[in-house]
Amino acid sequence: MSGRARNFQFKEEENDIFALPHLGDLINLPPMETTYRTMSGAEAVCDTSSADQDDMKQIYIHDDDRVLIKVVHFGHPSSVGIELEDDGEWQFKPTWVRRAGPRAWIYFEPPSVRAAIVTCGGLCPGLNDVVRQIVLTLEVYGVKEILGIQYGFKGFVDKRYPPIMLTRKTVQRINMVGGSFLGVSRGCPPVEDIVSKLEEWHVNMFFVIGGNGSHAGANTIYQHVEKRKMKLVVVGIPKTIDNDIQILDKTFGFDTAVEEAQRAINAAYVEASSAFNGVGIVKLMGRQSGYISMYATIASGQVDAVLIPEVPFQLEGEYGVLEFMHKRLKKNGIAVVVIAEGAGQDMMGGGGGTDASGNPILGDIGKFFYDKVKSHFGAKKFPVDVKYIDPTYMIRARACNSSDHIFCSILGQNAVHGAFAGYTNITVGVVNTHYCFLPIPEVIKKPRVVDPRSNMYQRCVTSTGQPEFQERNCDKKCSGVGAGWKAGGGKGSGAAPHPPPERKKSLTLRLERVVVGSDTPLTTVSETRISSEPQVHDPTCILYAAASNPSRNISVPLLRGSSTSHEAGCPINEARIAPSRSHDPNCPIQRP
């Protein structure tokens, strides 16, 4: 490891990072060297300034390692999208999250640890992979007792389903199939009863695999654990096939769900394209967010319209979905529509109420839309052959694909690393392509939804070519494919969100470099570009003159040592031109 790396210090402000609760803040918990070893002869990093790190075989994550939440610097609020809050604050704060991974110091003696794992909510591809990796990683640390709680939180109070002991042998092959090895259920018994059972069973690491509702339950469990000052950490692993967890890039099982949904769409296309005036309707999962529908539509490329909960639409009328389908059928003889289960609930009045997990009970938009298509074209005496596909349980019940196998494995491992590091009331996930620890309260504030102004949604409707399915008023700001343009081809009155960027003129500078002071002079020619604005560049500069007169070659000697013909402060790359004294020190020529 270089000296520069040894002396490196991260100087970002501490308040710019999400704070993570730590068990050591609640009770006296001295750290100890880690027992996590995956490389022969590896030693823990006890002194980060030690010079013998050059021979280190095992890499551990430092607690100050952090990941930037957003890598994009927004040039204008109009490009931010849904992240722009009403108060005008349009940059993420805090800026950083903690990096996940094994630590050199841990806060539990592995032989004394008793861990418990629970899977809650609905099924999702990859559940068994996460359970398996938690068990395997706990055993690598040296944990001997691992409890599997059956059928979600219900397993804490239902005596018919006692916890089962989990070992490498019992979980070795569970990742080969879908579903949940431990079983799932919705709803949560009284939290006091759950915490009392955790205390009675002497559990000090509790892993909750679930979605927003299950994470809300984990957050409440942590609050009761904190009041009792129990030596217990609560760690979540986000599970939602809808991909509706805030901040995270994605959740496990989503890629598999999109892959399976794409197969259903392709089947609908084959059915519709093989029939006279064929119509294919596919209903996909997505109560409040249309991510599966949007991504599967892009992946398939065979969809004429996609309807999601975040974007209102009308069925009837000149601008409605049904009239659009009519036009597509007359033109192409086929129409394929993808609709998320939470779309169009306002048309049906919704299903009413919530389920045991607090999710809204929805009306069946798929059947509703199917009936509307049949009646609409029947009234027009326009024959259609409608095929309706609902692959909901096929999507979520299958084993995950290779990408999710890997993703789930890393999430499970990092959940254990976070627990041994002493962090509690946290969840693990990917932020900006890096694995991170996040505080649970931050990810359960509200569900993540598709932003209709986002690049991804615009890519989706560009693929389908669909309009907005609402009557537009082009005296107001328009959006969507073709927005802002009248039928006659003229531009509408919708104002651009910001003025066009200024484009500074530039000149190409051709330099002939002559290297002197060696036995054989070497001449090379290179080009760079400089600003042509005289107010930002000295017009008497020899290099400006060369750029202004491209036919004239300027020979600039690259002398060994000092020179008196070029300003030393000029930002021209030293590899192209040597320092000299006759160039404006404020020259804006960019480094190549």
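All conditions but one from (1) touching a Cys at 6+ places or on another chain (Cβ under 7 Å); (2) assigned to a loop (DSSP other than H, G, I, E, B) apply to C124; the one that does not is (1). Filter region 157-185 down to residues that are in contact (Cβ under 8 Å) with a residue 60 or more places away in the chain and farther than 21 Å from S214 by Cα, then give me how many there are. Residues in region 157-185 being in contact (Cβ under 8 Å) with a residue 60 or more places away in the chain and farther than 21 Å from S214 by Cα: 3 in total. Taking the conditions exactly as written (in contact with a Leu (Cβ under 8 Å, 6 or more places away or on another chain), surrounded by fewer than 24 Cβ atoms within 10 Å (Cβ to Cβ) and assigned by TED's automatic domain parsing to the domain that holds R263), does E316 satisfy them or not? Yes, satisfied. Checking each residue of region 314-329 against the condition of being part of a helix (DSSP H, G or I) and closer than 23 Å to N243 by Cα gives no match.
Would region 191-204 turn up any residue that is within 22 Å of P125 (Cβ to Cβ) and either outside any loop (DSSP other than H, G, I, E, B) or of a type outside the set (S, T, Y) (or both)? For region 191-204, residues within 22 Å of P125 (Cβ to Cβ) and either outside any loop (DSSP other than H, G, I, E, B) or of a type outside the set (S, T, Y) (or both): absent. Of I82, I59, all but one fail to be modelled with pLDDT under 70 and either in a loop (DSSP other than H, G, I, E, B) or over 27 Å from V131 (Cα atoms) (or both); the exception is I82. When restricted to residues that are surrounded by 19 or more Cβ atoms within 10 Å (Cβ to Cβ), more than 14 Å from A335 (Cβ to Cβ) and among the hydrophobic types (A, V, I, L, M, F, W, C), region 363-388 contains 1. The single condition from (1) surrounded by fewer than 23 Cβ atoms within 10 Å (Cβ to Cβ); (2) within 26 Å of the chain's Cα centre (by Cα); (3) modelled with pLDDT of 95 or more; (4) not assigned by TED's automatic domain parsing to the domain that holds S185 that T137 fails is (4). Answer yes or no: is there a residue in region 279-296 that is without any contact (Cβ under 8 Å) to a residue 60 or more places away in the chain and in a strand (DSSP E or B). Looking for residues that are without any contact (Cβ under 8 Å) to a residue 60 or more places away in the chain and in a strand (DSSP E or B), one finds none in region 279-296, hence no. Can you find a residue that is surrounded by 20 or more Cβ atoms within 10 Å (Cβ to Cβ) and among the charged types (D, E, K, R) anywhere in region 235-243? Yes, region 235-243 contains a residue that is surrounded by 20 or more Cβ atoms within 10 Å (Cβ to Cβ) and among the charged types (D, E, K, R). Restricting region 256-305 to residues that are of a type in the set (V, I, T) and touching a Cys at 6+ places or on another chain (Cβ under 6 Å), the residue that is surrounded by the fewest Cβ atoms within 10 Å (Cβ to Cβ) is I298.
The values are calculated or read from the model by the stated rules, or taken from the named source; none is laboratory data. Just so it is clear, the structure is predicted and the values come from calculations on it, not from any experiment. All Cβ positions, glycine included, derive from the backbone under ideal geometry; neighbour counts span all protein chains shown.
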